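The values are calculated or read from the model by the stated rules, or taken from the named source; none is laboratory data. A quick note: this is a predicted structure, and the numbers were derived from the prediction, not measured. Glycine also receives a Cβ, built like all others from the backbone with ideal geometry; neighbour counts cover every protein chain displayed.
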Amino acid sequence: MEKLDDQYYQLLNDLQTLDFVLFELDLYLDTHPDDLQSIKEYNQFAQKRKQVAGQFEHLYGPLLHGGQSYSHHPWSWVEAPWPWQV
């Protein structure tokens, strides 16, 4: 398989970074549910992740299966690289 363009890897890295931050904030908020500043930050990062995921899916196809991401026609799951190909 040929190497994908640099933007693919940059967006994928951005998503992984945002997922890490969101997971850490999620854990923190489980023990500090009244921390308004952290809730605001969580919501900001969640919005940013949604934007980056939307951009990635528009360019490269769906990220998640099970109805969490739309598919283009034809069925685009078979077109995207598999995780071990990235």
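Every residue in segment 1-54 that is surrounded by fewer than 14 Cβ atoms within 10 Å (Cβ to Cβ), closer than 26 Å to PRO81 by Cα and basic (Lys, Arg), please.
Answer for segment 1-54, where residues must be surrounded by fewer than 14 Cβ atoms within 10 Å (Cβ to Cβ), closer than 26 Å to PRO81 by Cα and basic (Lys, Arg): LYS3, LYS50.
Considering only residues that are of a type in the set (A, V, I, L, M, F, W, C) and free of Cβ contacts under 8 Å to residues at least 40 places away in the same chain, which ones fall in segment 9-43? Walk me through how you get there before you give the answer.
The initial filter retains those residues of segment 9-43 that are of a type in the set (A, V, I, L, M, F, W, C), namely 11-12, 15, 18, 20-23, 25, 27, 29, 36, 39.
Residues satisfying the conditions are LEU18, PHE20, VAL21, LEU22, PHE23, LEU25, LEU27, LEU29, LEU36, ILE39.
Looking at (1) more than 11 Å from the chain's Cα centre (by Cα); (2) at pLDDT 75 or above; (3) not in a loop (DSSP other than H, G, I, E, B), which is the only condition VAL52 fails?
Of (1) more than 11 Å from the chain's Cα centre (by Cα); (2) at pLDDT 75 or above; (3) not in a loop (DSSP other than H, G, I, E, B), only one is false for VAL52: (1).
Go through LEU25, LEU11, LEU18 for me and flag whichever is within 21 Å of GLU79 (Cβ to Cβ), of a type in the set (A, V, I, L, M, F, W, C), modelled with pLDDT of 95 or more and under 18 Å from the mean Cα position of the chain (by Cα).
On the way: LEU25 fails: within 21 Å of GLU79 (Cβ to Cβ); LEU18 fails: within 21 Å of GLU79 (Cβ to Cβ).
Only one candidate qualifies: LEU11.
Mind checking which residues of segment 55-69 are at pLDDT below 65 and either assigned to a helix (DSSP H, G or I) or on the phi < 0 side of the Ramachandran plot (or both)?
GLN68, SER69, listed by residue number.
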